[in-house]
Amino acid sequence: MNHPTCLALALSLTSLLSADPPPAPVTVTVKTKPAQMKYDLERINVAPGTQVTLTLQNDDDLPHNLVLCKAKNDGTNDKGLEVATAAWNLGEAGMKQEWIPENPRIIAHTKMVNPHQSETITFTAPMISADYPFVCTFPGHAMVMNGALHVGICLPPIKNLHYRYYTGDKLVKLPDFAKLTGVEEGQLPSGRMEITQHQNDRSDDYAYEFEGALDCPKDGDYTFYMSADAGAQLLIDGKNVIKADGPRPAKFHDKKINLTKGEHAIKVHYYQGDAYASFHLSWKTPGFPEAWLTPAETDHEKRMDEKNQTEGMPLVVTNEPRIYRNFIAGCGPRGIAVGYPGGVNICWDADQMNLALIWEGAFMDAKRHWSARGKGDQPPLGYGVANLGKERALAVLGSNTAPWTPAQKNDQPHDPAYTFHGYELDAQRNPTFRYDFKGVNVTETFVPEGDQKSGTASIKRIVKLSTNKPVDNLYFLALAGPVEAKDNAFNFNKTVSVTINGGTPLARKSVGRDEVVLPVVFTNEKAEFIINYSWNLK
Amino acid sequence: MRHTFLLTSLFSFAISVQSPAASGSDPKEAEYYKIESFAPPQDCVAEVGSIELMPDGKIAFGTRRGEIWTVENAFDADITKAKFTKFAEGLHEILGLAWKDGWLYVTQRPELSRLKDKDGDGRADIFETVNAGWSITGDYHEYAFGSRPDKQGNIYVALCLTGSFHSNAPWRGWCVRITPDGKMQPFAAGLRSPGGIGFIPDGEIFYDDNQGVWNGSSSLKHLKQGAFEGHPEPLKWWDLANGALGKKPLATVDKSRVEAERKHNPNYVPPAVVLPHAHVGNSPTAWDWDESGKFGPFTKQLFIADQTFSTLNRIFIEKVNDVYHGACFPFLKGLRSGPIGVRMSGDGTALFVGGSDRGWGARGGYPAAIERVRWTGKVPFEIHEMRAKPDGFELTFTSPIDPASAKNPDSYKAREYTWALREEYGGPEVDEVIPKIEVVSVGQDAKSVRIKVTPLTKGHVHQISLLGVKSAEGQNLLHPTGYYTLNEIPKK
């Protein structure tokens, strides 16, 4: 793709329009990734008012569409979720309408494109610089299948760009260009360094020198990002900026340098040894998004920014529960997240041995933990997150007014009264967690019910206790946090409605917070509670 | 950059067409040991953290993404016959696998677990926690590396610090022992950043620590009950052991030396084999050894991986005055990624190596890899063993040497050096000594040489390069340098 990369600056539109000729039309193809529920291109950059010809090529085995939307009324980027939700709410009519709701936010859309087919639409990009989300409105896809049309002003490509093409013999590192004899030279009016011009000539052992002028829009720090296979060197004003000599698989290197406003000489030496050849170079300065100085390939590994480090590897739950153990925000370092088919999820805390989180919608994004060193806690990917707290579920209390037992602290030795025993999967791969406390064996199983899409989602938590030496004054903490009793249910933190069966819930205020505790009464050495959490608030 | 080598390539050494080779293979080394890469299916990101041999002839590997895969036909001459099957997923950074009594024991960040496929569908369904007795604050550096079981069935877990410097929770910076009945016993303190834990052929437990604070260089270290490995921060949990480990060791003195610290602190265990930083590697991980002889001449020596250099080094270890020490030698370059898991097959026909460069980078350049190394049957001309003697060293060779070249003292070049024990990160080589080398004798079979090294310096690495020693056929040594860590000087 040769579209320019652009900037969302609050520039005066009139001055912009009078100063610049109309932007060149842009043609772009967005593909769907097979079996990944994702577009291959999640960001399209165009100048305001650009005529865009967009092809949605569906390489997946499910039908998908692409619906381009205005930003949400409050100006936030909801990734088109509001429009997608309106599509889901069409119910049966949705099929007939191809999941396109009547919604003022829609700017343009494709029809529902069947697997391995494509459709092309043409539209004019809005005049106002902003991110315009696009999304697949097929029910259930929107959480991960979205992107943004970025409308804004661009960092320019290279002025007066020239190339010289060389061939060599068995190149294994950057050659001394002064000693090479050029085969051909010419201009690149696109202003982007292309290494594919002679690909019909040979695939191995060649080199390019590119020279031109970079027009810096202001004084400041500019960061350059470069990856090359086999190798390349970037020089600005004759000075080395990045040297990535081969042969190595391509990796992005970056370097920040200070440049003054105006033109600077840019030179790149690139060489190819054998097999894969690639060259990517982009630049950025504060206030402008990153802009390519090479033809930007959408299928190439992009340099990761902070956002990309934590988003983009959603763990999709298909027909059986999926487990993800890691550092999970709202739980802790021993989080065991379970995503159930139907769009209901839990996170069980193996430090506290208690349920920590429940939520609806998408499960978890593994990008943070599966990139680089995997630092930090990752929150749930879905919505309707009920944060049940990091608390012990069982405790012996002196009386029913005594404060709840302290939680396990991460930096303290483990309380030997509680022992985690792991989990076992049933035939449907649904885990049952097991632990014991003072000789009481406890199991917890979760059964999702209803459906997230129809707004009837709930999850049933079945807690079974057994012991041959009953413990006196044993209590189970059902809820801790903002609780509002409503009929026979408790609304928790305005998120979920909770009903409790199998015990006598005692709502109390303790140390300044609401709690619902259950005295544990053993019958024939057994006790059982069923706690139901529903997002359908009463 | 090529991802598969063709015979028509500019490289002159022969390599099989179907097996993609590591990008940095050394043609000379490849004559003797060949690296072959498996091609996992697309849904398998083989960020290998540990490898185990399964009783049914498969291998299993656990990954940093928390998956366990089994590989059928891993020994087949045609590596493309390998068949990958996912056994388990959803675990947390797997850095230890061990098959025991019908269970696959898995050391993952939060716990030692054991897994079983109860219903026989090829996927684990029991995930039983054997022990989760250590704490985690949520720092990415708080890794847990698990050993295989010892003869009594104990599994040892090496617990990395919180970051590089701190032990913010029990038992960070410790080795703990998990008994067969699931009890955790604090075992040794003062670990910094373990990269691997396991045994040596005599059954003793070791780990390797990575260069950083209190570790001027990475090294292989002996773990014994109550031992102190040098990083003082984990000592703060000593009293939680309730006296089981005896008196609390003294904190290491900043800018001290190994020898001084041994005198100062009876629990302090000196590094057994230093892997000199930047000479042979940067970040040691797992190791294994061969007892069959089918992996070449280095029976019972350790092959230890280096994640950063994408290499294997070789270790000869011996015990003098009840203290372990020995030598390391470069062995094989050119692994694809940053190796973390290593397992030798029982029959010695393949050494399985796998890893990931995620977060740290490795010379191999690939983000993940599972590979195998096989001996071609050709014996490389190498230093075989290097033993400490009262006045120097005895070196043996894998094939006969040219006695004239071995008798010439100019064929040898030596340096002795160490590192300060510092609370700062890493540090330079210090206290350098250039010793005098005299050749005492060449063995009658022309496969050994006795050299006198004056002086010998306790606590120093003795780096000896045999640049002029030739084989009977006039060849140079494939790897001419040995690095001997001399903790004790034998009496005879």
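Just to be sure before I move on: is B:V453 β-branched (V, I, T), buried (at least 16 other Cβ atoms within 10 Å of the Cβ) and closer than 23 Å to B:K319 by Cβ in the structure I sent?
On the way: β-branched (V, I, T): yes; buried (at least 16 other Cβ atoms within 10 Å of the Cβ): yes; closer than 23 Å to B:K319 by Cβ: yes.
In short, yes.
So which of A:I358, A:I328, A:I323 ends up being among the β-branched types (V, I, T) and more than 19 Å from the chain's Cα centre (by Cα)? Explain how you work it out, then say what you get.
Details: A:I328 fails: more than 19 Å from the chain's Cα centre (by Cα); A:I323 fails: more than 19 Å from the chain's Cα centre (by Cα).
Answer to the check: A:I358.
Return the only residue of A:S454, A:S399 being among the small types (G, A, S), surrounded by fewer than 21 Cβ atoms within 10 Å (Cβ to Cβ), away from every other protein chain (no Cβ under 14 Å) and in contact (Cβ under 8 Å) with a residue 60 or more places away in the chain.
Details: A:S454 fails: in contact (Cβ under 8 Å) with a residue 60 or more places away in the chain.
Of the residues listed, the single one that is among the small types (G, A, S), surrounded by fewer than 21 Cβ atoms within 10 Å (Cβ to Cβ), away from every other protein chain (no Cβ under 14 Å) and in contact (Cβ under 8 Å) with a residue 60 or more places away in the chain is A:S399.
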Taking region B:414-431 only, how many residues are surrounded by 16 or more Cβ atoms within 10 Å (Cβ to Cβ), in a strand (DSSP E or B) and not small (G, A, S)?
-> 7
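Kindly indicate which of B:V269, B:V253, B:V274 is touching a strand residue (DSSP E or B) at 6+ places or on another chain (Cβ under 8 Å) and surrounded by fewer than 19 Cβ atoms within 10 Å (Cβ to Cβ). Write out each step before concluding.
Working: B:V269 fails: surrounded by fewer than 19 Cβ atoms within 10 Å (Cβ to Cβ); B:V274 fails: surrounded by fewer than 19 Cβ atoms within 10 Å (Cβ to Cβ).
Every option except B:V253 fails the conditions.
A quick yes/no check of all residues on (1) assigned to a loop (DSSP other than H, G, I, E, B); (2) closer than 19 Å to B:I383 by Cα:
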| site | (1), (2) |
| --- | --- |
| B:T457 | yes, no |
| B:G468 | yes, yes |
| B:Y483 | no, yes |
| B:K491 | yes, no |
Select from region B:78-91 the residues that are away from every other protein chain (no Cβ under 14 Å) and over 27 Å from the mean Cα position of the chain (by Cα) and list them in ascending order.
-> B:D78, B:T80, B:K81, B:K83, B:T85
Considering region B:51-91 alone, what residues qualify as being buried (at least 18 other Cβ atoms within 10 Å of the Cβ), β-branched (V, I, T) and in a strand (DSSP E or B)?
-> B:I51, B:I59, B:T63, B:I68, B:T70, B:V71
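For region B:92-104, which residues satisfy the criterion of being more than 8 Å from chain A (Cβ to nearest Cβ) and in a loop (DSSP other than H, G, I, E, B)?
Residues of region B:92-104 that are more than 8 Å from chain A (Cβ to nearest Cβ), as a first pass: B:94-104.
Selection gives B:D101, B:G102.
Being surrounded by fewer than 15 Cβ atoms within 10 Å (Cβ to Cβ), closer than 30 Å to A:E424 by Cβ and of a type in the set (A, V, I, L, M, F, W, C), is that true of even one residue in region A:494-501?
First, pick out the residues of region A:494-501 that are surrounded by fewer than 15 Cβ atoms within 10 Å (Cβ to Cβ): A:494, A:501.
Subset that is closer than 30 Å to A:E424 by Cβ: A:501.
Of the ones still in play, those that are also of a type in the set (A, V, I, L, M, F, W, C) are none.
Looking through region A:494-501, none of the residues is surrounded by fewer than 15 Cβ atoms within 10 Å (Cβ to Cβ), closer than 30 Å to A:E424 by Cβ and of a type in the set (A, V, I, L, M, F, W, C).
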Identify, please: which residue in region B:141-160 is within 13 Å of another protein chain (Cβ to nearest Cβ) and touching a residue at least 40 places away in the same chain (Cβ under 8 Å) and is, among those, surrounded by the most Cβ atoms within 10 Å (Cβ to Cβ)?
-> B:A144
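Look through region B:256-266, keep the residues that are over 16 Å from B:N321 (Cα atoms) and at pLDDT 95 or above, and return whichever of them is surrounded by the fewest Cβ atoms within 10 Å (Cβ to Cβ).
Our first condition is that a residue be over 16 Å from B:N321 (Cα atoms); within region B:256-266, this holds for B:256-258, B:260-261, B:264-265.
From what's left, at pLDDT 95 or above: B:256-258, B:260-261.
On the way: B:S256: 19, B:R257: 19, B:V258: 23, B:A260: 15, B:E261: 20.
Across region B:256-266, the extreme among qualifying residues is B:A260.
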Out of curiosity, is A:F420 within 13 Å of chain B (Cβ to nearest Cβ) and touching a strand residue (DSSP E or B) at 6+ places or on another chain (Cβ under 6 Å)?
-> yes
Counting only residues that are closer than 22 Å to A:I500 by Cα and not in a strand (DSSP E or B), how many does region A:425-447 have?
-> 1
Filter region B:344-382 for residues that are among the β-branched types (V, I, T), part of a loop (DSSP other than H, G, I, E, B) and either at pLDDT below 95 or under 19 Å from B:D26 (Cα atoms) (or both) and give the result.
-> B:T376, B:V379
Determine the pairs where a residue that is modelled with pLDDT of 80 or more and of a type in the set (S, T, N, Q), located within region A:26-46, has a partner that is assigned to a loop (DSSP other than H, G, I, E, B) and surrounded by fewer than 17 Cβ atoms within 10 Å (Cβ to Cβ) with Cβ atoms under 7 Å apart, the partner being 6 or more residues away or on another chain.
-> A:T32/A:D59
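Matching residues to (1) within 14 Å of chain B (Cβ to nearest Cβ); (2) touching a strand residue (DSSP E or B) at 6+ places or on another chain (Cβ under 8 Å); (3) in a strand (DSSP E or B):
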| site | (1), (2), (3) |
| --- | --- |
| A:D351 | yes, yes, no |
| A:W359 | no, yes, yes |
| A:A372 | yes, no, no |
| A:G376 | yes, yes, no |
| A:L381 | no, yes, no |
| A:G389 | no, yes, no |
| A:Q408 | yes, yes, no |
List, please: which pairs have Cβ atoms under 7 Å, are six or more places apart or on different chains, and start with a residue in region B:105-129 that is more than 7 Å from chain A (Cβ to nearest Cβ) and without any contact (Cβ under 8 Å) to a residue 12 or more places away in the chain and end with one that is part of a strand (DSSP E or B) and surrounded by fewer than 18 Cβ atoms within 10 Å (Cβ to Cβ)?
-> B:K118/B:I126
Which of the residues belonging to region A:502-538 are touching a residue at least 40 places away in the same chain (Cβ under 8 Å), crowded, with 18+ Cβ neighbours inside 10 Å and among the small types (G, A, S)?
-> A:A527, A:S534
Name the residues in region B:161-200 that are within 14 Å of chain A (Cβ to nearest Cβ), buried (at least 21 other Cβ atoms within 10 Å of the Cβ) and among the hydrophobic types (A, V, I, L, M, F, W, C), would you?
-> B:L161, B:A169, B:W171, B:W174, B:V176, B:I178
Is it the case that some residue within region A:432-442 is basic (K, R), under 29 Å from B:E142 (Cα atoms) and within 13 Å of another protein chain (Cβ to nearest Cβ)?
-> yes
Going through region A:43-58 in order, the residues found to be more than 15 Å from A:I107 (Cα to Cα) and surrounded by fewer than 18 Cβ atoms within 10 Å (Cβ to Cβ) are A:R43, A:T55, A:Q57
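Determine whether A:E449 is among the acidic types (D, E) and surrounded by 19 or more Cβ atoms within 10 Å (Cβ to Cβ). Walk me through it before giving the result.
Details: among the acidic types (D, E): yes; surrounded by 19 or more Cβ atoms within 10 Å (Cβ to Cβ): no.
No, not satisfied.
Being under 17 Å from B:V48 (Cα atoms) and small (G, A, S) is the filter; apply it to region B:337-349 and report the residue that is surrounded by the most Cβ atoms within 10 Å (Cβ to Cβ). Explain how you work it out, then say what you get.
We begin by selecting, within region B:337-349, every residue under 17 Å from B:V48 (Cα atoms); these are B:337-345.
Pick out the ones that are also small (G, A, S) and you get B:337-338, B:341, B:345.
Numbers: B:S337: 28, B:G338: 32, B:G341: 29, B:S345: 21.
Across region B:337-349, the extreme among qualifying residues is B:G338.
Is it true that some residue in region A:86-96 is out of contact with any strand residue (DSSP E or B) (no Cβ under 7 Å at 6 or more places or on another chain) and within 20 Å of A:K33 (Cβ to Cβ)?
So in region A:86-96, the residues out of contact with any strand residue (DSSP E or B) (no Cβ under 7 Å at 6 or more places or on another chain) come out as A:86-96.
Those left that are additionally within 20 Å of A:K33 (Cβ to Cβ): none.
No, because not a single residue in region A:86-96 is out of contact with any strand residue (DSSP E or B) (no Cβ under 7 Å at 6 or more places or on another chain) and within 20 Å of A:K33 (Cβ to Cβ).
The values are calculated or read from the model by the stated rules, or taken from the named source; none is laboratory data. These figures come from a predicted structure and were not determined experimentally. Cβ coordinates were reconstructed from backbone atoms using ideal geometry, including for glycine residues, and neighbour counts include every protein chain displayed.
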